[in-house]
Amino acid sequence: MEIDRRGFIIAAGASALVAPAFGTEVETIKAVDTVPHIYDTKRPIGNLYAPNPDGVTAQQLKQQAPNGVVGTIVIEASPWLEDNLWLLDAVNDEPFVVGVVGNLPLGDKIFPEYVERYSKHPLFLGIRHGNLWPGHDLPEQMKSPAFVAHLRLLAQADLTLDLANPRLNLLEAAVRVNDAVPELTVIVDHLGGYRPTMDEWVGLEPILREYAERPNLYCKLTGLSSENPDASPAQVVAENRDRLDRFYDAFGRERTIGGGYFTTESLLILNEYLVAESIEDRANFFWKNSVRAYKWTPRNSAQSSLG
């Protein structure tokens, strides 16, 4: 299926998302995940991130997807430059994967060459940065004119910048990125797992007010967890609702992205959180906003039928 990913238009899709009865299979939720990693631990170089010692393939992601999860964006799991090509090769023949977010060396003199090269691949949607790997220090690097110039190149290539993982200084730096390059789409990852201290909330509240006014700043309300491993979906939501509401309201219904759908339980928790939302806003969360941010296009009929 040949589709220009820049030209995919989001349709209403009002019938694509219907609230299920809780405790049942989540068959009618249509979703595209935005957080999985794939990696091969058996390569000679291994893999820096490998919670599964047997590795994870794109085909396994498809096989393990709950009912209704029709695709995924795969996120890099190592900072090695060579792994951008490995990642693209690993997903090229699996249409379940609609794109990848790689890792290119922002601030390095080779960045312009590589962003030009990789931006030509239709599955390469963006890169990840922040504070995840050695050498990733966004608040400090934003002081460098060369680094900011590379962010402009990223925007010109129509690629996203994913930021991982949430800390107060990283969330503040996202605002500075938007000040410097307002046309760049920035996605704050795993905000659902960020639990600010009372002192951090004091600094975070004005940052959240800034987010509300900046249309190119998105968040993934992912990484949600509970202190009680036996908690029901309703209990997990109750435990986290005030914090989630603050983030969801700051970014808004068209800039909050869901993910982490590879268990039925996680889908039920997120569905429980959104039960009072409109069908349209639920569709936004589960798949439409990922199209807005990443500009991915369908690679199979199930993804095409979302709209």
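The values are calculated or read from the model by the stated rules, or taken from the named source; none is laboratory data. Values in this document were obtained by computation on a predicted structure and should not be read as measured data. Glycine also receives a Cβ, built like all others from the backbone with ideal geometry; neighbour counts cover every protein chain displayed.
Does region 108-162 hold any residues that are within 14 Å of residue 177 (Cα to Cα), of a type in the set (Asp, Glu) and not in a helix (DSSP H, G or I), and which are they?
Across region 108-162, the qualifying residues are 137, 162.
Being assigned to a helix (DSSP H, G or I), under 19 Å from the mean Cα position of the chain (by Cα) and either within 23 Å of residue 300 (Cβ to Cβ) or among the hydrophobic types (A, V, I, L, M, F, W, C) (or both) is true for just one of 87, 104. Which residue is that?
87
Residue 176 - would you say it is closer than 23 Å to residue 31 by Cα, of a type in the set (Lys, Arg) and in contact (Cβ under 8 Å) with a residue 12 or more places away in the chain?
Numbers: closer than 23 Å to residue 31 by Cα: no; of a type in the set (Lys, Arg): yes; in contact (Cβ under 8 Å) with a residue 12 or more places away in the chain: yes.
No; evaluated as a whole, the condition is false for this residue.
Which numbered condition trips up residue 113, out of (1) without any contact (Cβ under 8 Å) to a residue 12 or more places away in the chain; (2) under 18 Å from the mean Cα position of the chain (by Cα)?
It fails just one condition, (2).
So which residues in region 131-164 are of a type in the set (Ser, Thr, Tyr) and within 16 Å of the chain's Cα centre (by Cα)?
Within region 131-164, 160 is the sole residue that qualifies.
Name the pairs: first residue in region 53-70 and free of Cβ contacts under 8 Å to residues at least 40 places away in the same chain, second residue in a loop (DSSP other than H, G, I, E, B) and of a type in the set (Ser, Thr, Tyr), Cβ to Cβ under 8 Å, at least 6 apart or on different chains?
53/41; 54/41; 55/41
Could you list, in sequence order, the residues of region 204-214 that are in a helix (DSSP H, G or I) and not acidic (Asp, Glu)?
Hits for region 204-214 are 204, 206, 207, 208, 209, 211.
Mind listing whichever residues of region 215-242 are assigned to a loop (DSSP other than H, G, I, E, B) and more than 21 Å from the chain's Cα centre (by Cα)? Lay out the reasoning, then the answer.
Residues of region 215-242 that are assigned to a loop (DSSP other than H, G, I, E, B), as a first pass: 215-216, 221-232.
Across region 215-242, the qualifying residues are 227, 228, 229, 230, 231, 232.
Tally up the residues in region 264-307 that are part of a loop (DSSP other than H, G, I, E, B) and either under 23 Å from residue 187 (Cα atoms) or not hydroxyl-bearing (Ser, Thr, Tyr) (or both), please.
Residues meeting the conditions: 12.
Which numbered condition in (1) over 23 Å from residue 171 (Cα atoms); (2) loosely packed, with under 15 Cβ neighbours inside 10 Å is the only one that residue 241 fails?
Just one mismatch for residue 241, condition (1).
Under the condition of being of a type in the set (A, V, I, L, M) and touching a Pro at 6+ places or on another chain (Cβ under 8 Å), which residue from region 255-307 is farthest from residue 238 (Cα to Cα)?
Step by step, filter region 255-307, then rank; the result is 306.
Considering only region 189-201, I want to know if a residue exists there that is under 25 Å from residue 99 (Cα atoms), over 18 Å from the mean Cα position of the chain (by Cα) and at pLDDT 95 or above.
If we filter region 189-201 for residues that are under 25 Å from residue 99 (Cα atoms), which is where we start, we get 189-193.
This time we only want the ones that are over 18 Å from the mean Cα position of the chain (by Cα), so: none.
So far as region 189-201 goes, no, none of its residues is under 25 Å from residue 99 (Cα atoms), over 18 Å from the mean Cα position of the chain (by Cα) and at pLDDT 95 or above.
Taking the residues in region 253-307 that are touching a helix residue (DSSP H, G or I) at 6+ places or on another chain (Cβ under 7 Å) and among the β-branched types (Val, Ile, Thr) as candidates, determine which candidate is surrounded by the most Cβ atoms within 10 Å (Cβ to Cβ).
257
So, of the residues in region 56-76 that are in a loop (DSSP other than H, G, I, E, B) and at pLDDT 95 or above, which turns out to be surrounded by the fewest Cβ atoms within 10 Å (Cβ to Cβ)?
Checking each candidate, the answer is 57.
Give the residue, chosen from 248, 273, 218, that is more than 30 Å from residue 150 (Cα to Cα) and of a type in the set (Ser, Thr, Tyr).
Result of the check over 248, 273, 218: 273.
In the set 299, 209, 253, which member is without any contact (Cβ under 8 Å) to a residue 40 or more places away in the chain and on the phi < 0 side of the Ramachandran plot?
Working: 299 fails: without any contact (Cβ under 8 Å) to a residue 40 or more places away in the chain; 209 fails: without any contact (Cβ under 8 Å) to a residue 40 or more places away in the chain.
Criteria check complete, one pass: 253.
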